[in-house]
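All remarks here apply to the structure that follows.
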Amino acid sequence: FSCKTSKKIVDVNGSTILEIPFSGKDYQNDKDYFRTAQSGNSPDLSTAKKIALQNAKAELAGSINTVVKGVTEQYTNQRTVSDRQEFENMFEENIRTIVNQELSEIKTIGEQALKEINGSYTYWIAIEVSKKAVRDNLERRINNDEKYRLELDKKAFMEIFDKEIGKIEMPH
């Protein structure tokens, strides 16, 4: 990851305080969206943009995976599942598929290109994906998988999911 910034704010005892692009409240997770902002640096502007987008997607995927893994663990701790490990592994595999689908539907909410002193480019991008879309896709996968329907109390699972996803209103 490249962590260059766009603006020098002030020197304090020899240190420079920097302003990170897209770090304000409008670019943080909230009750409706998973959000992140990342940068990429390269001698080529289009490569810097690709790196930034790849970094942002990876961070967003990690956030979604963390929530769903936590929900799966809570659910299996509260319920009797015939083969807990198989259930969790199956669920994690399906979550990767869901996350990949969601990442194809991300929305860009901010972009900024910087030309560095050394001639390279730093590209910042902020992206988001709807928590509702993630939830709906997860529910659709559960409904379409016979093994899930046999092992899963969907209502209980989705209640845990809704509770956990509602907690994600903090800076990334």
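The values are calculated or read from the model by the stated rules, or taken from the named source; none is laboratory data. Because the structure is a prediction, the values reported are computed rather than measured. Cβ placement follows ideal geometry from the backbone for every residue including glycine, while neighbour counts extend to all protein chains displayed. For accessibility, only protein heavy atoms count, side chains too; no ligands or nucleic acids. Shrake-Rupley method; radii C 1.70, N 1.55, O 1.52, S 1.80 Å.
Tell me, which residue of the stretch 128-153 that is assigned to a helix (DSSP H, G or I), over 16 Å from SER63 (Cα atoms) and open to solvent by 60 Å² or more (accessible area, probe 1.4 Å) is modelled with the lowest pLDDT?
LEU150
In this structure, does GLU159 turn out to be open to solvent by 10 Å² or more (accessible area, probe 1.4 Å) and either among the charged types (D, E, K, R) or touching a Pro at 6+ places or on another chain (Cβ under 9 Å) (or both)?
Against the criterion (open to solvent by 10 Å² or more (accessible area, probe 1.4 Å) and either among the charged types (D, E, K, R) or touching a Pro at 6+ places or on another chain (Cβ under 9 Å) (or both)), GLU159 qualifies.
Please pick out the residue among ILE98, ILE117 that is under 16 Å from the mean Cα position of the chain (by Cα) and either β-branched (Val, Ile, Thr) or more than 23 Å from ALA37 (Cβ to Cβ) (or both).
Every option except ILE98 fails the conditions.
Considering only the stretch 112-138, state which residues are without any contact (Cβ under 8 Å) to a residue 60 or more places away in the chain and under 29 Å from ILE95 (Cβ atoms).
ALA133, ARG135, ASP136, ASN137
Out of all the residues in the stretch 85-119, which are at pLDDT 75 or above, surrounded by 15 or more Cβ atoms within 10 Å (Cβ to Cβ) and charged (D, E, K, R)?
GLU88, GLU111
Just checking, does the stretch 29-37 include any residue being at pLDDT below 95, in contact with a Pro (Cβ under 7 Å, 6 or more places away or on another chain) and not in a helix (DSSP H, G or I)?
No; the residues of the stretch 29-37 include none that is at pLDDT below 95, in contact with a Pro (Cβ under 7 Å, 6 or more places away or on another chain) and not in a helix (DSSP H, G or I).
Collect the residues in the stretch 19-67 that are touching a residue at least 60 places away in the same chain (Cβ under 8 Å), among the aliphatic types (A, V, I, L, M) and open to solvent by 20 Å² or more (accessible area, probe 1.4 Å), keeping them in residue-number order.
LEU45, ILE51, LEU53
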